Each structure stands twice: as C-alpha cells, then as structure tokens.
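Taking it in order: structure first as structure tokens, then the write-up.
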Amino acid sequence: MNSRFAPKRLLLATLPFVGAALILALLFRRIPPERILEALRGADPVLFFAALLPVSVLYVLLDGALLAAVLRWFHPPGIGFRESLAVRAVDYLVSLWNGRASQAAMVGTLGRRFGGAGGGEAHRDSGYWECAGTILFLDLCQRGHLLLWAAGGAVVLGSAAPDRVPVAAALGFAGLCLLVAFLRGRLRGAGLGPPRWRLLQSLRRAAPRHYAAVLALKAPLILVAALGHHFALGAFGIRIPVGALLATLPIIFLAGALPIAVARIGTSQAAWIYFHAGAAALSPGGEAALLAYSLSAHLTFLLLNAALSAPFLPAAWRTIRGARRPLSRAAGTRSGAAADPLSVAS
C-alpha cells in the first residue's frame, strides 16, 4: 500500500519546488538576473540589516509569547516562555523548506510534549489532534490579522491604495469570519453544524477575548515591519511610504504563505512587484532593485529567525526524543486524557 501512494506523495512534495521555480523563472524573464546582481552590489548592507534586525527580534519574541499564551488557554497549565521559543525554533528551522511542514513539525513537537511523550495511555494521540487544532486556531488568527490590517490600511489610504486591495481584503476577512463561525458551531440555525472533531476543540473553546488578545499581540509587529521595510528599502534606493506598506505588506505576507512555493519564495516576490513596481520604477535600480530587495529581505528574515531561536533547539530536541526534562513549570504534569481537559472528544 505504501508503494501505491509513493508517486502521489512524491508529486505533492515536489509541487512547492516546481511552483517556486516557475514563478521565479517568469520574474527573471521579465527582469534579467544580471540587473538583480547589480542592484545587490549597489545596496547598503549596514542600513539593510540595521532596519530588519529589530523586526526579526520582535517577531521571535512575540511569536514565543503568543504560543505560550495560547497553550495556557487550551492546554493548561501550558508551557513557559523559554519552552515556547524551543517549539518556535523547530518551526523556523523547518520553514526554511516549507511553511506547512513547519506547522506539522510544531504539532509533532507539542504532541510529544503534551501527549505521546508524557505517558498518557488512554488517548495517546489526543495530544497531537488537540495541538493541531491549536495551531489551526493560530493560523486562522494570523490570516485574519493580516486581512484586517490590509483592509484598514486601504481605507486609511483611500484613493492612494493599490487597486483591488480594499475589496479583496474585506471579502477575505468576511469569508474567514464565516469559516470560524461555522467551525465554532455558530451557524447551526442555518443547518450548518460543524464536525465533532477533537481537531476543532480549541476553536470551539476560543472566546472573543482570545481572538482580541491574539490581534493585540500581533498588532505591534505589523507596525514595526512597515517601518523596518521602509528603511530597508532605502538601502536599495527605493522609497515607499510607510502607509502604503501598511496596506500592502499583509497581502504580501499572505501571498508568501500560499502552499505553492518552497520557503515562501516566489509568491511574495511576485506580490512585491505587483504592488510596488511603480515606486520601484522611480528608483535608480528599477524593478530589479525591488526584486533583489524582496529576495534579500525574505531570506534574511528566515535566517535571522532561525539564528535567533537556535539556542533553544536542544530543548526542543529533548522533547522530540521523549526526554522528561521540559523547561516549563508543568514538568511534573501528567499529560494524556487524565491531565488534559481537551483529551475527551465531545
């Protein structure tokens, strides 16, 4: 049976690489690689790294704090901040290859922490399903956060906003709200009851204050990212107002999260060109400078996140191996059905 599905799995595994290669090929056909190399040689590396390093530091810290908070809500008593950084370190390392695979790696690590490695016997796999549901909750909140910022930024900019951003962002946010309402069972009156899966328990237990807390924790990041990219773009001679970045960066980030490219390369570069080709045309390097910047900023951000969280990888490795030495205050808590109130399907 495994050999029967091997070609299909191989095809699915290679699709992100094919997608990234096709998008980059189209971009390089429009913008010759030699012009991109010329733009890289003319950039100011000091200004570039000085602008993006604070963004990466804040991103790692907020990601760790948010994961620790969400796990306390849905998997009490949760884990501590240092252990959440260890889990995020696995996420950042695997995301160098694929964003979806990094989420699966987080689920596996948390499942070992709360279920498989904790000694629970009645429902050994319950920790994995529940942790997958918590990561799903975070993923939906992240997308809603980006769509909300994109819609709000477009409203503030008015006619200066890129075409189609307000409508697309508003429709996307409305659709996401309907999806969450369905998964939480709020549309039963319309005959749309959600499946009774343990995977959805975190979504069912989430209250409005939980969603508000996630948005509040994420809000500083988009502001700092807009400022950081504004100054980092200056290292390539490109001037894009902070307001325009507030409206378009969320869409660029969403494009990078599409599961059709490896390491989020290709889709985000295409989005940069789509939204800001006009601003790039006014710079000395033109679109080549913008493509060089988007590639450099994206790869730098991925590598900085992995490097900043790398000191916590040994703790994550101990969890993955099943060692009983977690860093959190919940070290002595027995996981499984007896310890985790989410372990019993409702």
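The values are calculated or read from the model by the stated rules, or taken from the named source; none is laboratory data. Everything numeric in this text was worked out from a predicted model, so none of it was measured. Quick reminder, even Gly has a Cβ in these numbers, built from the backbone with ideal geometry, and neighbours come from all protein chains shown.
Worth pointing out:
- Checked against the criterion of being exposed (fewer than 12 other Cβ atoms within 10 Å of the Cβ), of a type outside the set (Ser, Thr, Tyr), at pLDDT below 70 and not in a helix (DSSP H, G or I), segment 152-159 has no qualifying residue.
- Residue within segment 192-203 that is more than 30 Å from Ala292 (Cβ to Cβ), crowded, with 19+ Cβ neighbours inside 10 Å and touching a Lys or Arg at 6+ places or on another chain (Cβ under 6 Å) present: yes
- Qualifying residue in segment 234-250 (condition: within 25 Å of Arg88 (Cα to Cα) and of a type in the set (Val, Ile, Thr)): no
- Checked against (1) part of a helix (DSSP H, G or I); (2) touching a Gly at 6+ places or on another chain (Cβ under 7 Å); (3) touching a residue at least 40 places away in the same chain (Cβ under 8 Å), Phe253 passes all but a single condition, namely (2).
- Index of the failed condition, Leu254 passing every other in (1) surrounded by fewer than 17 Cβ atoms within 10 Å (Cβ to Cβ); (2) among the hydrophobic types (A, V, I, L, M, F, W, C); (3) modelled with pLDDT under 90: (1)
- All told, Phe301 falls short of being at pLDDT below 90 and not in a loop (DSSP other than H, G, I, E, B).
- Of all residues in segment 206-217, those being assigned to a helix (DSSP H, G or I) and buried (at least 20 other Cβ atoms within 10 Å of the Cβ) number 1.
- When residues in segment 228-237 are screened for being in a helix (DSSP H, G or I) and more than 14 Å from Ala247 (Cβ to Cβ), 5 of them pass.
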